[in-house]
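See below for the structure under consideration.
The values are calculated or read from the model by the stated rules, or taken from the named source; none is laboratory data. Keep in mind it's a predicted model, so treat the numbers as computed, not measured. Here Cβ is always computed from backbone atoms with ideal geometry, including for glycine, and neighbour counts include all displayed protein chains. Each accessible area value is taken on the protein alone, full model and side chains, heavy atoms only, with ligands, DNA and RNA left out. Shrake-Rupley method; radii C 1.70, N 1.55, O 1.52, S 1.80 Å.
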Amino acid sequence: QVQLVESGGDLVQPGGSLRLSCAASGSISSINAMGWHRQAPGKERELVAVISSGGSSNYADSVKGRFTISRDNAKNTVYLQMNSLKAEDTAVYYCNADIRRVGSNRFFTHWGRGTQVTVSS
């Protein structure tokens, strides 16, 4: 069994900052890419940022220069530092990771349950 648990979502004023965390646990052999997606009310889920096992990262145009993704491979954890937050960043943020379980030779994508980020004055 593998679990991804997000934390750090909150209500924050425009211009503020938040740091999201997502820890993977369970019977894990290795992790490839890890990432963050978000889904706002009435909209489709969209990619926010992704980071490879080697540390290379990519971002949605809407968050470039404001958000930073990072990971701690020793802790199987991915982070999303969000600065200069805007009302349009309001969404449920989900992490995902491509994980190979112990005893398996395949990677599968696992998802967390999400954490709410609300940007409002």
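Tell me, what is the FRET efficiency for SER84 and GLU44 to the nearest 0.05, using R0 = 25 angstrom and their Cβ-Cβ distance as r?
Once the sixth-power term is evaluated, E becomes 0.55.
Rounded to a whole number, what % of the accessible area of the chain do carbon and sulfur atoms account for, probe 1.4 Å?
Within the chain, the accessible surface is 43 percent carbon and sulfur.
Between rounded, prolate and oblate, where does region 49-109 land on the alpha carbon gyration tensor, with a ≥ b ≥ c its root eigenvalues, rounded for a/c under 1.5, else prolate if a/b exceeds b/c?
prolate
State in Å² the accessible area per residue of the chain; use a 1.4 Å probe, count heavy atoms of protein chains only, and round to the nearest integer.
I get 54 Å² per residue for this part.
Please list, in order along region 45-54, the HN-Hα scalar couplings obtained from phi with the Karplus expression 6.51 cos²θ - 1.76 cosθ + 1.60 (θ = phi - 60°), rounded to whole Hz, x for Gly and Pro.
5, 10, 6, 9, 7, 9, 9, 7, 5, x
Compute the projected area of the convex hull of the Cα atoms of the chain, averaged over all viewing directions, and report it in nm² to one decimal place.
7.2
Taking the highest mean first, how do the peptides 26-36, 52-62 order by number of other beta carbon atoms within 10 angstrom per residue?
With the highest mean Cβ count within 10 Å placed first, the list reads 26-36, 52-62.
For labels at VAL5 and SER120 in the simple 7 Å Cα→Cβ model, what's the distance in nm?
Result: 2.8 nm between the two label points.
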